[in-house]
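Enquirer: Sending over a structure as structure tokens; questions will come in a sec.
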Amino acid sequence: IISYIDSDVGRVAVVMVGATNVGAIALAYDDIVSNSSPPLLIDRREVRELHHEGIVVRAGDKLAEFRLGSTVILLFEPNMVTLKQDSGYARLKFGEVLASRAP
């Protein structure tokens, strides 16, 4: 599931990847739940594009819930942020700083 967020560092794509055929991803701003029974089913062959205008997301707000197994990939616009670590891969704890606004 991909959510696009307009932020003070430009548009950010939040790519939520759940474990294959196990668990689910439940969005906080919609009734969509992946790997669930109809009518909320998101089949891996199905692509839905939903637009939710005016939803405000603040730091610390819940965007989605992972129900077993997860990976989150964040995509930022070029030259908008400086990552905390140079490795490009990091294990983070809730509330830990990932990046800062580019100078």
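Enquirer: Residues with beta-carbon under 15 Å from that of Gly10, excluding Gly10: net charge, scoring Lys, Arg +1 and Asp, Glu -1?
Expert: On the way: positive: Arg11, Arg101; negative: Asp6, Asp8, Glu77.
Net local charge, Gly10 excluded: -1.
Enquirer: Give, as a single signed number, the net charge of other residues whose beta carbon lies under 14 Å from the beta carbon of Ala28, with Lys and Arg counted +1 and Asp and Glu -1.
Expert: -1
Enquirer: At 7 Å along the Cα-to-beta-carbon direction for both Ala19 and Arg101, put a label point, then send me their distance in nm to one decimal.
Expert: Using points 7 Å along Cα→Cβ, the separation is 4.0 nm.
Enquirer: Taking the alpha-carbon centroid of each part, what is the distance from segment 1-20 to segment 56-86 in angstrom?
Expert: 6 Å
Enquirer: I would also like to ask the following. State the extension gain, in nm to one decimal, for the chain segment bounded by Thr82 and Glu49, taking 0.36 nm per residue of separation less the distance between their alpha-carbons.
Expert: Extra length from Thr82 to Glu49 when fully extended: 8.9 nm.
Enquirer: Now a separate question. Calculate, in nm to one decimal, what Phe94 and Arg58 gain on full extension: separation in residues at 0.36 nm each, minus their alpha carbon distance.
Expert: 11.5 nm
Only the coordinates and a few stated rules stand behind these numbers; no lab work does. Bear in mind that the values here come from a model prediction, so they are computed numbers and not experimental data. Note that each Cβ is placed from the backbone with ideal geometry, even for glycine, and that neighbours are counted across all protein chains shown.
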